[in-house]
Amino acid sequence: MKLYISLTLTALLAVLAITGVSSQPSKYEGKIVRKIDFVGLKSVSPEDLLYIMRTSAGYPLKSAEVRKDIKDIFDKGKFEKVDVEIEEFQDGVQLRFICKERPRIASIEFRGLDEFVETDLKETILLKEGEVYRKDYLEKSVALLKEKYDGEGLFNAHITYKVLPVKDEDDVNVQIIIDEGEQIKVQKISILGTDKLYSEEVQDLMETKEEGLIRDGAFKKEIYDQDKAKIVGFYREKGYLDAQILEDSVDYEWEDPEKKETRVIYIVIKISEGEKYYFDKSTVTISGEKEKTIFTPEEISKDFELKENGEVFNDTKFQMDRQMISFKYASKGYIFARVIPKRSITEKEVDVEGKKEKRKYVTIDYVVTEGTQAYVESIIIKGNKKTKEKVIRRELVIKEGELFNSAKMQVSREKVYNLGYFKQVDFDVRPGSREGYMNLVVDVEEQPSGTISLGGGYGTQSGFSIFSDITENNFLGNGQRVGVKFEYGPRRSSITLSFTEPWLMDYPVAFSTSIFYYLYTIETSSMFSNTNQTAEYQKQAFGYSLGLSYRFMYYYVIGTNWSHAFKSYLNPTGNASDEIFIAAADRIQEKRSQSFYAFRDSKDNYLNPTSGSRVGMSIELTGGAIYGGQDHYVRFDPELYLYYSPFHLPFLKSHPCVFEFRANGSFIVRPLGNPHQNYETNQWLEAEDRLTIGGPETLRGWDYYDFAFPDSWAYNGLYHRILYGVEFRVPIHPQMLWLVLFFDAGSLWTDTFWEKQLTEGSDAQTTIQTDKDNGDLYAINQIFSSRVNLLQYFKYSYGFGFRIQIPMMPLRFWFGKKFIYDGSSFRNVGDLTFQFQIGDMRF
């Protein structure tokens with residue numbers, strides 16, 4: 001005899017069907033289950049189902065457990081129907097679960113897309129390709145898509161779907177058809193209730209704008225919600241602590257009710273401003289069981305932002321002060337410290353410009369309960385799909401088992417983010433399994449780690465060329481970097497393959513290697529002084545490099561790099577100098593270099609730093625008596641970069657305005673030892689190794705071969721270079737667009753040692769000597785001489801530009817004005833110069 005039980009999509013029917021088990025308890029209840037079989041399984045293993053079931057072979061049958069087992073199997077979401085047959089077997093019973101699996105989704109296709117790309121929408125819906133099809137998930141996904149379109153101002157988007165069976169298979173294809181409709185634009189924004197502040201001032205804060213000549217009037221709900229928060233924050237920063245938005249409405253109506261052709265959005269925001277408050281004073285009260293507190297009230301108070309009696313009560317500064325206290329304690333492990341600010345308000349009559357005025361003053365008493373120290377029990381990493389966990393964990397400076405330290409946590413977050421693999425890195429603290437211990441959760445959101453750099457340029461000597469740099473910065477999720485870079489043009493061609501392992505054998509030792517080849521056509525001065533024609537020759541080289549570096553103490557790096565190149569000079573024109581023909585006759589020459597470097601880099605963001613610094617020095621040893629080869633010199637490159645963010649755009653901590661101060665130099669001096677090579681017949685320092693100035697890389701606003709430079713600066717290339725400047729960046733959109741104001745300064749210097757290398761009577765020697773005689777060029781050893789007016793010797797530029805991050809590639813546009821100091825005043829030289837750069841692109 002068999003007992004037949006069925007569970008279908010209707011829960012009620014399932015319960016009624018299962019009830020049949022308990023209707024014959026005398027026959028089945030309590031009998032030993034001898035065997036459990038599954039029929040119809042394709043993608044689910046019997047072991048997975050047995051693992052979640054209560055009924056087990058060898059134990060008595062209980063109808064209540066069978067009923068729960070069927071429900072649990074069905075709740076896995078992978079089955080359309082579950083039937084159970086029970087029959088006598090040996091001296092007990094046998095259960096046979098007859099399962100009908102849901103069809104799997106072979107593909108998900110979106111039709112009618114314009115405003116969104118398919119990958120964005122696939123991340124929104126609940127269905128995934130390769131998973132089981134569920135109609136309830138599909139309907140919920142349609143609702144989520146409609147919500148997403150509404151958030152983008154596409155209120156009249158219409159979404160339908162089709163589920164099509166795959167021929168000869170149990171799978172289905174899901175088609176989601178979207179009629180996006182027309183995006184409804186913002187026609188009018190009305191701010192009501194403004195009395196203390198101008199409504200135009202409030203409206204200027206909003207990123208949501210009315211449609212206009214240069215504004216598209218797009219409406220996005222997420223941005224609109226941020227706009228409302230900005231408005232309230234703006235008022236509270238101005239001292240209006242009771243300010244609030246009483247009500248707001250977003251209505252879309254016909255622009256012309258009679259024609260009914262175009263819908264538009266009308267936004268109305270009603271504000272209650274309240275009264276303005278002023279700051280009186282702050283006190284700190286510390287309570288705890290210890291005789292000596294961790295910090296004294298004076299140690300805390302000295303770091304307050306809000307401190308001047310009578311100043312407008314700035315709510316942003318108040319929040320910063322509160323966070324500062326918590327951070328101080330957390331950096332000592334006191335994560336359980338509580339900071340409760342108690343406000344008291346008094347009304348005072350004060351004299352304002354000779355008139356008596358009643359004002360409300362706020363006094364704050366920060367009541368601090370220090371609590372006990374906390375330790376890190378476990379560090380949990382989540383959100384990483386491609387990146388291996390060890391790649392993230394090895395960057396953390398806070399470790400399991402040690403005292404919690406908020407400063408270390410912040411450094412860890414910056415180090416993980418600066419890997420460049422993640423769009424977002426968040427740290428969260430949760431209670432541990434025992435008192436005094438916390439779990440640290442590192443939640444990352446991955447982003448594409450490959451980059452493509454595209455660019456092109458034109459130079460007087462290099463001609464036109466295009467270049468591309470394709471790099472994968474997180475190869476196979478191991479944090480390794482592999483790349484290929486090539487350049488092609490009529491006068492310049494090159495290719496470089498590179499590989500970097502940042503953690504060699506799981507130690508903070510980076511290993512890098514590359515191989516390269518290039519062929520350049522180089523233009524130089526003619527050996528005949530009575531002609532304007534130039535000479536040309538080609539330089540070909542191939543070689544390799546090897547590097548090792550070591551990181552320590554959070555921010556410090558020391559390292560070395562070895563480079564070995566084989567070069568030759570080809571096809572010199574007949575008017576080339578003798579030294580070119582001599583070099584060409586030598587066929588293959590070697591250039592052997594080893595560089596040593598050390599730097600401290602504490603930038604908070606590798607792409608757009610807002611705080612921190614980079615200080616470093618590198619020394620390149622080329623040739624000489626130690627390394628040999630045909631090139632011989634030593635080059636020093638010190639650098640200093642400082643980043644400072646004094647303020648943000650109103651109420652947006654994600655919009656810091658940043659100052660970048662920078663100074664760097666390059667100094668080429670004589671090689672170590674005495675190379676056994678005559679530099680009169682074979683130069684120790686090639687033309688391409690000498691230093692130039694101009695262009696957006698060194699001195700924006702000045703061209704690469706600017707006529708306003710002294711001739712030796714513009715055409716020869718020299719031996720020492722000093723640059724400094726400052727840049728101020730304003731984030732119009734922090735992930736996409738920055739306005740930049742800049743000031744650059746730079747100079748080139750000669751060196752009497754290297755002048756001796758020049759061929760007697762050559763154009764280079766003549767040009768350098770002429771500029772020295774005219775006071776346009778000085779040797780580096782004269783830098784502190786009274787003969788040199790440094791203010792006059794340097795060249796300067798100022799201007800503005802834009803840093804733009806678009807889906808195709810980052811662009812840099814510069815508008816620079818060059819100027820000099822003529823001994824009595826600064827004056828401009830020439831017109832505004834436009835320059836541009838093309839940076840890297842994510843893919």
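The values are calculated or read from the model by the stated rules, or taken from the named source; none is laboratory data. The structure displayed is predicted, hence computed values, not measured ones. Quick reminder, even Gly has a Cβ in these numbers, built from the backbone with ideal geometry, and neighbours come from all protein chains shown. Just so you know, the surface numbers come from the protein's heavy atoms only, side chains and all, with ligands and any DNA or RNA stripped out. Shrake-Rupley method; radii C 1.70, N 1.55, O 1.52, S 1.80 Å.
For residues that are part of a helix (DSSP H, G or I) and over 30 Å from PHE815 (Cα atoms), scanning just the stretch 774-799, find the one that is most open to solvent (accessible area, probe 1.4 Å). The selected residue is ASN781.
Would you say LEU197 is open to solvent by 50 Å² or more (accessible area, probe 1.4 Å) and aliphatic (A, V, I, L, M)?
Spelling it out, it is not the case that LEU197 is open to solvent by 50 Å² or more (accessible area, probe 1.4 Å) and aliphatic (A, V, I, L, M).
Could you list all residues from the stretch 157-169 that are surrounded by 14 or more Cβ atoms within 10 Å (Cβ to Cβ) and part of a strand (DSSP E or B)?
ILE159, TYR161
Looking at the stretch 233-247, is at least one residue more than 38 Å from the chain's Cα centre (by Cα) and either assigned to a helix (DSSP H, G or I) or more than 30 Å from ARG338 (Cβ to Cβ) (or both)? No.
Residue-by-condition table, conditions (1) modelled with pLDDT under 85; (2) more than 18 Å from LYS100 (Cα to Cα); (3) open to solvent by less than 30 Å² (accessible area, probe 1.4 Å); (4) of a type in the set (Lys, Arg):
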| residue | (1), (2), (3), (4) |
| --- | --- |
| TYR28 | yes, yes, yes, no |
| LEU41 | no, no, no, no |
| SER45 | no, no, no, no |
| ALA57 | no, yes, no, no |
| ILE70 | no, no, yes, no |
| ASP75 | yes, no, no, no |
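So, LEU154, is that one more than 18 Å from VAL264 (Cβ to Cβ), within 34 Å of the chain's Cα centre (by Cα), open to solvent by less than 30 Å² (accessible area, probe 1.4 Å) and of a type in the set (A, V, I, L, M) or not? No; evaluated as a whole, the condition is false for this residue. I'm trying to understand the selection: among the residues of the stretch 406-447, which are within 16 Å of ASN473 (Cβ to Cβ), of a type in the set (A, V, I, L, M, F, W, C) and in a strand (DSSP E or B)? Matches in the stretch 406-447: PHE422, VAL425, VAL444. Scan the stretch 170-186 and tell me whether some residue there is under 28 Å from the mean Cα position of the chain (by Cα), at pLDDT 90 or above and surrounded by 15 or more Cβ atoms within 10 Å (Cβ to Cβ). No, the stretch 170-186 contains no residue that is under 28 Å from the mean Cα position of the chain (by Cα), at pLDDT 90 or above and surrounded by 15 or more Cβ atoms within 10 Å (Cβ to Cβ). Considering (1) surrounded by 15 or more Cβ atoms within 10 Å (Cβ to Cβ); (2) farther than 30 Å from ALA535 by Cα, say which one ARG600 fails and leave the rest. Result: ARG600 passes all but (1). The criterion of being touching a residue at least 24 places away in the same chain (Cβ under 8 Å), in contact with a Leu (Cβ under 7 Å, 6 or more places away or on another chain) and surrounded by 19 or more Cβ atoms within 10 Å (Cβ to Cβ) does not hold for ILE265. Any residue that is crowded, with 16+ Cβ neighbours inside 10 Å and within 30 Å of GLU211 (Cα to Cα) - is there at least one of those in the stretch 121-132? Yes: the stretch 121-132 contains one or more residues that are crowded, with 16+ Cβ neighbours inside 10 Å and within 30 Å of GLU211 (Cα to Cα). A single entry from TYR252, TYR224 fulfils the requirement of being in a helix (DSSP H, G or I) and either free of Cβ contacts under 8 Å to residues at least 60 places away in the same chain or within 19 Å of GLU152 (Cβ to Cβ) (or both): TYR224. When the stretch 133-151 is filtered for residues that are closer than 24 Å to ILE184 by Cβ and either among the basic types (Lys, Arg) or open to solvent by 40 Å² or more (accessible area, probe 1.4 Å) (or both), the ones remaining, listed by number, are ALA143, LEU144, LYS146, GLU147, LYS148, ASP150. Note on the stretch 297-321: residues that are surrounded by 13 or more Cβ atoms within 10 Å (Cβ to Cβ) and among the basic types (Lys, Arg) amount to 2.
Inside the stretch 324-372, residues that are open to solvent by 80 Å² or more (accessible area, probe 1.4 Å) and free of Cβ contacts under 8 Å to residues at least 24 places away in the same chain make up a count of 8. When restricted to residues that are within 11 Å of TYR544 (Cβ to Cβ) and either part of a loop (DSSP other than H, G, I, E, B) or open to solvent by 40 Å² or more (accessible area, probe 1.4 Å) (or both), the stretch 495-512 contains 2. Could you list all residues from the stretch 474-488 that are of a type in the set (S, T, N, Q) and crowded, with 17+ Cβ neighbours inside 10 Å? Within the stretch 474-488, ASN474, GLN480 qualify.
Examine the stretch 713-721 for a residue that is free of Cβ contacts under 8 Å to residues at least 24 places away in the same chain and open to solvent by 50 Å² or more (accessible area, probe 1.4 Å), and state whether such a residue exists. If you could, list the steps in order and put the result at the bottom.
Residues of the stretch 713-721 free of Cβ contacts under 8 Å to residues at least 24 places away in the same chain: 714.
Now narrow it down to the ones that are open to solvent by 50 Å² or more (accessible area, probe 1.4 Å): none.
No: the stretch 713-721 contains no residue that is free of Cβ contacts under 8 Å to residues at least 24 places away in the same chain and open to solvent by 50 Å² or more (accessible area, probe 1.4 Å).
Can you tell me which residue within the stretch 756-773, out of those that are under 17 Å from ASP711 (Cα atoms) and touching a residue at least 24 places away in the same chain (Cβ under 8 Å), is surrounded by the fewest Cβ atoms within 10 Å (Cβ to Cβ)? Filtering the stretch 756-773 for residues that are under 17 Å from ASP711 (Cα atoms) and touching a residue at least 24 places away in the same chain (Cβ under 8 Å), the one surrounded by the fewest Cβ atoms within 10 Å (Cβ to Cβ) comes out as THR770.
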